[in-house]
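What follows is a short report on a single structure.
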Amino acid sequence: MLLSIVSPVYKAENIIDELVRRIKESVSGITPDYEIILVEDGSKDQSWNKIIEHCQIDEKVKGIKLSRNFGQHHAITAGLDCCKGDWVVVMDCDLQDQPEEISKLYQEALKGFDIVYARRKQRYDSYFKKLTSRIFYKLFAWLSGVPQDGTIANFGIYSSKAIQAVNELREPLRSFATMIKWVGFKSTGIYVEHAERFAGKSTYNFKKLLQLALDISLSFSDKPLKMTVKLGVIISGSAFLFGLYNLYKYFTGRITEPGFTSLILSLWFLSGLIIFILGIIGLYLGKVFEGIKKRPLYIIEKRYD
C-alpha cells in the first residue's frame, strides 16, 4: 500500500524541515511505502532550495516547482496529478494540519470510507481570521445553495478512486474541498487537533477569501443568475401594481400633472438594475471565456524526483 502526502508550499522556508520530519515520523508507523510530494507555488523565498535538500537526502521526498504563483488549489492539483498512492493525504504546509493526525484519518478510512475529512475541533487562528472565514463560509453557502461546514478544509485522506475522479475535473476555477465533495463516494469526518501556525503569517486575507467565494460560486452554481430573474419578476410585478394604482388616481382626478421626481427615481433605479444584471451576466461570460481558452491549470518549471 502506497501512501501519498501532498502539500502545497508557499513562503515556507522556515517550516519545511519540521514539516518533512513530522510527516516521516507519523507516516512511517502506518506504512514504510510512502511518498511526500511538496509543490512549491512560485514563492520568492528559499522554499524550493529547502525542498531540494530533502529530495537529495530521501528519495521518498519529491519536489515540484511551478513557474509562478498559480494559487493553493492549483498547486494541490499539480500534486494530485503526480501522486501514485492508493491513499492520498492533502494537507497545508503551515503545520496547522498536524501530521500526527494522519494515522487517525487512515484508521477511519479502513472502515470502508473513500473520503475522510478532518474536522477541526478548535481553530488556533486570530479573531479576524476566524471572523473572515465564518463570513466566507456563510457567503459561499448562500451563493452556492450548498451547506458548508467551516470545520472542514483541505486536510483529509482520500482513496485513489476519489482522487482520480477529482483529477478529471479540469475547470480553471479550483477548490479542492468543493470538488472532493462534488465527486461523491462514501465519506465521513472525524475531529482532529488543530494547531497554531508553526512560523510566518497566513497569506490569505479577507479580500482573497471573498474572491475565492465569488469564483467558486460562479463555477459551481447559477444561483446569482436565478436571483436576477426573481428580482426582475418582483420589480415587474411591483411596476404593474404601481401602474394600476396611478391609472386609478388618474381616472378619479387625483393626478393633475405628472411627477418629475417619480420619473427620475424610476429611471435611475431601473438603469442601475439593468447595469447590475448585465454585470452578473458579464461575470459568467468572463468565466466561460477563461474556460474555453483551455490553458493549462499550472506549469511545472522544475521537478525533483
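Remarks
- Checked against the criterion of being free of Cβ contacts under 8 Å to residues at least 40 places away in the same chain, of a type in the set (D, E, K, R) and part of a helix (DSSP H, G or I), segment 33-50 contains one or more residues that satisfy it.
- Residue within segment 94-101 that is in contact with a helix residue (DSSP H, G or I) (Cβ under 8 Å, 6 or more places away or on another chain), within 18 Å of GLU35 (Cβ to Cβ) and at pLDDT 75 or above present: yes
- All conditions but one from (1) crowded, with 16+ Cβ neighbours inside 10 Å; (2) of a type outside the set (A, V, I, L, M, F, W, C); (3) outside any helix (DSSP H, G or I); (4) at pLDDT 90 or above apply to LYS24; the one that does not is (3).
- In the set (1) crowded, with 24+ Cβ neighbours inside 10 Å; (2) at positive phi; (3) not hydrophobic (A, V, I, L, M, F, W, C), GLU40 fails one condition alone, (2).
Residue-wise test of (1) hydroxyl-bearing (Ser, Thr, Tyr); (2) at pLDDT below 70; (3) assigned by TED's automatic domain parsing to the domain that holds VAL61.
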| site | (1), (2), (3) |
| --- | --- |
| LEU267 | no, yes, no |
| GLY272 | no, yes, no |
| PHE276 | no, no, no |
| GLY282 | no, no, no |
| LYS287 | no, yes, no |
| ILE299 | no, no, yes |
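- Residue match in segment 10-28 (condition: within 12 Å of ASP94 (Cα to Cα) and aromatic (Phe, Trp, Tyr)): yes
- Residue match in segment 70-93 (condition: more than 25 Å from GLU168 (Cβ to Cβ), out of contact with any Lys or Arg (no Cβ under 6 Å at 6 or more places or on another chain) and without any contact (Cβ under 8 Å) to a residue 12 or more places away in the chain): no
The values are calculated or read from the model by the stated rules, or taken from the named source; none is laboratory data. What you see is a predicted model, and the numbers here were worked out from it, not measured in a lab. Positions of Cβ are backbone-derived with ideal geometry, glycine not excepted, and every protein chain shown enters the neighbour counts.
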